[in-house]
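As structure tokens, the structure follows; a few thoughts come after it.
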Amino acid sequence: MRVKVLGSGAGGGFPQWNCGCSNCNGLRAAKLHGSSRTQTQIAFSVNSKAWFLLNASPDLRAQILATPELAPPEGSRQSPITGVFLPSADVDSIMGLLHLREFTPFRIFATPAVQQILREENTIFRVLDRATPPVQWLGISMRPQFARVDSDPREDSSFRCSAVPLGGSYPDYVSDTLRGSLPADQAVVGLLVEQGEKRLFFAPSLPGQNQEWKKLAESSDLVFLDGTFWSDDELSRAAGSGKTARAIGHLPLSGADGLLQQFSGTGRGRRVLIHINNTNPILDEESTEYHQVREMGWEIAHDGMEFAL
Ligand SMILES: [Zn+2]
């Protein structure tokens with residue numbers, strides 16, 4: 001399995017257009033030792049021909065153009081992008097679908113609740129139905145069940161995909177009426193992709209409200225986990241006001257019961273922090289926080305990172 005990180009930042013990317021925090025301004029002034037990041041996006045392929053996306057980032061068009069593997073074959077109107085898996089209905093996870101609207105059929109995998117939000121309440125996504133045949137909306141199987149997904153019906157290139165509920169809530173933009181009718185366990189899921197013995201786990205938003213994800217992360221060869229915030233009060237310290245990390249569905253990295261303490265590296269695979277917010281001190285490669293996570297064995301995702309499983 002090949003895995004490519006097309007984007008590694010949280011919502012807004014790094015630097016963020018309206019943010020003058022020390023990281024964003026440090027990067028603008030070329031004084032910070034670190035690199036810019038587009039919004040979180042992963043692509044993977046089990047046969048190096050058909051590619052699947054984890055997330056649909058607001059930066060997706062530019063990310064596709066920057067990735068030679070995702071270019072259409074010469075003379076065709078087809079894309080190697082075959083399917084998209086959505087971990088939630090957050091704007092950062094779905095906006096990219098609108099970049100994929102140019103009449104090409106593909107598959108979208110999402111929980112029934114996320115599908116309902118996008119297809120019934122947010123009718124702009126009906127633009128995807130104009131493809132011939134229209135895009136196919138499919139459910140995500142919850143563990144221990146899984147779905148077998150074919151990359152190419154003409155060859156043996158399938159993989160298994162399943163999801164685990166992570167707790168967390170539906171985005172602010174969902175109406176109160178719809179929100180009240182949706183099951184809580186379909187709001188935010190972690191995604192597990194398995195091919196043979198190889199496992200990839202993706203949870204860019206980890207609200208930390210249950211422990212079910214840990215076993216999957218520990219048994220995976222490559223895990224991408226929520227690296228959004230270093231501390232719980234990071235946003236309010238950077239912006240003067242704002243909610244805590246936990247209140248907006250992100251376990252902070254540091255502190256008692258933070259992600260670094262909860263998941264300390266007993267697993268078998270590589271551990272990568274992704275969805276890194278522009279306020280997070282780990283973006284500065286000269287910071288003590290950067291060195292701390294590296295010394296604990298974590299990798300910090302950057303755009304263009306590649307893995308082979
Ligand atoms: Zn900033």
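Values for this structure:
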quantity	calculated
Entirely in the range 12-94, the helices (runs of 4 or more DSSP H) that have 3 or more residues that are away from the ligand (no atom under 14 Å from the Cβ), over 14 Å from the mean Cα position of the chain (by Cα) and among the charged types (D, E, K, R)	none
Whichever residue in the range 4-61 is over 30 Å from GLU102 (Cβ atoms) and in contact with a helix residue (DSSP H, G or I) (Cβ under 6 Å, 6 or more places away or on another chain) and, among such residues, is modelled with the lowest pLDDT	CYS21
Pair list, Cβ < 7 Å and 6+ apart or interchain, from the range 263-281 residues that are in contact (Cβ under 8 Å) with a residue 60 or more places away in the chain and in a loop (DSSP other than H, G, I, E, B) to residues that are more than 11 Å from the ligand (Cβ to nearest atom) and charged (D, E, K, R)	GLY269/ASP221; HIS275/ASP226
Residue count, the range 239-287 (criterion: of a type in the set (Gly, Ala, Ser), within 16 Å of the ligand (Cβ to nearest atom) and surrounded by fewer than 20 Cβ atoms within 10 Å (Cβ to Cβ))	5
Filtered residue count, the range 100-119, keeping only those that are at pLDDT 95 or above and either assigned to a strand (DSSP E or B) or not hydrophobic (A, V, I, L, M, F, W, C) (or both)	8
ARG2 being touching a residue at least 40 places away in the same chain (Cβ under 8 Å), within 16 Å of the ligand (Cβ to nearest atom) and in contact with a strand residue (DSSP E or B) (Cβ under 7 Å, 6 or more places away or on another chain)	no
Test for LEU128: is it aliphatic (A, V, I, L, M) and assigned to a loop (DSSP other than H, G, I, E, B)	no
Among residues of the range 185-241, those that are farther than 23 Å from PRO112 by Cα and not polar (S, T, N, Q), counted	25
Residue match in the range 82-101 (condition: surrounded by 15 or more Cβ atoms within 10 Å (Cβ to Cβ) and among the acidic types (Asp, Glu))	yes
Meets criteria (of a type in the set (Val, Ile, Thr), in contact (Cβ under 8 Å) with a residue 60 or more places away in the chain and surrounded by 20 or more Cβ atoms within 10 Å (Cβ to Cβ)) for VAL193	yes
Test for LYS215: is it modelled with pLDDT of 95 or more, closer than 24 Å to SER162 by Cα and within 21 Å of the chain's Cα centre (by Cα)	no
Top-ranked residue in the range 138-160 [being of a type in the set (D, E, K, R) and surrounded by 15 or more Cβ atoms within 10 Å (Cβ to Cβ); ranked as nearest to GLU212 (Cα to Cα)]	ARG143
Test set (1) within 30 Å of ALA66 (Cβ to Cβ); (2) away from the ligand (no atom under 16 Å from the Cβ) - GLN209 fails condition number	(1)
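The values are calculated or read from the model by the stated rules, or taken from the named source; none is laboratory data. Everything quoted here is computed from the prediction, not taken from an experiment. Counting neighbours? That spans all protein chains shown, and the Cβs are built from the backbone with ideal geometry, glycine included.
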